[in-house]
Amino acid sequence: MAAFAYLDHNATSPLRPVAFESMVEVLRAGGNPSSVHTAGRKARAAVETARRQVAALVGALPAEVVFTSGGTEANNLALSGAGRRRVLVSAVEHDSVLRAAPAAEIIGVDGNGVVDLAALERALASSADEPALVSVMLANNETGVLQPIADVVRLARDAGALVHCDTVQAAGKVPVEVHGLGVDYLSLSAHKLGGPTGVGALIVRTGAPFATDRRGGGQESNRRAGTENVAGIAGFGAAAQEAAKGLDLADWRDRLEFSLVQIAPRARVFGAGAIRLGNTSCVAMPGVPAETQVMAFDLAGVCISAGAACSSGKVQRSAVLAAMGVPADEAATAIRISLGWNTEPADIERLITAWRDLYIRVTQSDISRAEAA
């Protein structure tokens, strides 16, 4: 058995071997992709191979791929590059969208975390003469809930608005096709699908407006200046090619959730009434703080998280669950379990055992305190 069960792929998915090998090859070769000599041309070839691989993952044209430092920069570039527009975002977006557009109009979600399409339609109609940009993610990073992007795009187009879609958590887990979705901008991150950290991409649909205030050497067709992270990009491309084969983990997720609720009948799976990613479970163990669970599972050799891993290690109240109307005390007991490309059945069994052990300890402790009182 492995030293520990890693079930936090939505935070970072371990580096795939093919990505590692591609990175090592590029690091050994060296070269600046903007140089015209042999080493530079080899580096440029590595970047362009990866561009084709990433484009293929989401059905884009290679020329539509802009490499970035990650999903956060891709989201920021999309929101700023679309020009001065009224911005509308769903209440469950990642912080890299919400904080990049602090003046954005927030569109609410229902109890499963699905965007309120009627509210979006009303908001778009309220200022139909003002250029707008709608930003709605495809899959939520905490609950795995999938959004009805086709409907979002239809409403936006009727109002003459542009659409940005954060697909950081969805790519490689469900089919993603930028032109099929009909969006103008689409964000990706390498380390969510088994590539390296520190690299991502923004897909800019051909014909969509895009301007950047990042000035420099004109890299990425003048859309993102700065020498490309060649090794990271090569690893991203290799991981994207592997991720394109898909990841079917819904049966494992369902077995996991069934087992957890069997052990703790009052446990709640958030977003269970919506279509979700097959790898993600957000579940509350009644009465047990999330940070207690994270530590207990870690001691049992299981890595999970309490919501998004984007707060410098801090466990904070989930804005996603708050937007879904989950009471604060219940949200404080929610953990996120996310499976990935190297998950094994033994990892899931290890989590179930750790959950059972913790729940029994807490339950017995509660009984003992009640008897003592």
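The values are calculated or read from the model by the stated rules, or taken from the named source; none is laboratory data. This one's a predicted model, so the numbers in the text were calculated from it and none came from an experiment. No Cβ is skipped: glycine too gets one built from the backbone with ideal geometry, and neighbour counts run over all protein chains shown.
Got at least one residue in segment 289-307 being modelled with pLDDT under 95, assigned to a loop (DSSP other than H, G, I, E, B), over 16 Å from residue 113 (Cα atoms) and under 21 Å from the mean Cα position of the chain (by Cα)? Yes - at least one qualifying residue is present in segment 289-307. Among residues of segment 267-282 being under 26 Å from residue 341 (Cβ atoms) and touching a helix residue (DSSP H, G or I) at 6+ places or on another chain (Cβ under 6 Å), the one that is surrounded by the fewest Cβ atoms within 10 Å (Cβ to Cβ) is 278.
Residue 217 passes every criterion in (1) surrounded by fewer than 20 Cβ atoms within 10 Å (Cβ to Cβ); (2) touching a Phe, Trp or Tyr at 6+ places or on another chain (Cβ under 8 Å) apart from (2).
Counting only residues that are touching a residue at least 40 places away in the same chain (Cβ under 8 Å) and surrounded by 19 or more Cβ atoms within 10 Å (Cβ to Cβ), which one in segment 97-129 is nearest to the chain's Cα centre (by Cα)? Here the residue is 97.
Please work out which residue is farthest from residue 238 (Cα to Cα), limiting yourself to segment 1-44 and to residues that are of a type in the set (S, T, N, Q) and assigned to a loop (DSSP other than H, G, I, E, B). If you could, list the steps in order and put the result at the bottom.
Keep residues of segment 1-44 that are of a type in the set (S, T, N, Q), which gives 10, 12-13, 22, 32, 34-35, 38.
Subset that is assigned to a loop (DSSP other than H, G, I, E, B): 10, 12-13, 32, 34-35.
Values: 10: 19, 12: 16, 13: 14, 32: 20, 34: 21, 35: 23 Å.
Looking at the filtered set, the residue picked out is 35.
Taken together, the residues in segment 4-49 that are among the polar types (S, T, N, Q) and without any contact (Cβ under 8 Å) to a residue 12 or more places away in the chain amount to 2. Take the conditions (1) surrounded by fewer than 24 Cβ atoms within 10 Å (Cβ to Cβ); (2) assigned to a loop (DSSP other than H, G, I, E, B); residue 141 misses just one of them, which is (1).
For segment 169-176, indicate whether the set of residues that are closer than 21 Å to residue 241 by Cα, among the basic types (Lys, Arg), in a helix (DSSP H, G or I) and within 12 Å of the chain's Cα centre (by Cα) is non-empty.
From segment 169-176, those closer than 21 Å to residue 241 by Cα are 169-176; that's our starting set.
Subsequent filtering for residues that are among the basic types (Lys, Arg) retains 173.
After this cut, where a residue has to be in a helix (DSSP H, G or I) as well, the list is none.
The answer is no, given that none of the residues of segment 169-176 is closer than 21 Å to residue 241 by Cα, among the basic types (Lys, Arg), in a helix (DSSP H, G or I) and within 12 Å of the chain's Cα centre (by Cα).
Scanning segment 232-266 for residues that are buried (at least 21 other Cβ atoms within 10 Å of the Cβ), of a type in the set (Gly, Ala, Ser) and under 21 Å from residue 347 (Cα atoms) gives 243, 264.
Can you find a residue that is assigned by TED's automatic domain parsing to the domain that holds residue 97, over 20 Å from the mean Cα position of the chain (by Cα) and not in a helix (DSSP H, G or I) anywhere in segment 177-192? Checked segment 177-192: no residue is assigned by TED's automatic domain parsing to the domain that holds residue 97, over 20 Å from the mean Cα position of the chain (by Cα) and not in a helix (DSSP H, G or I).
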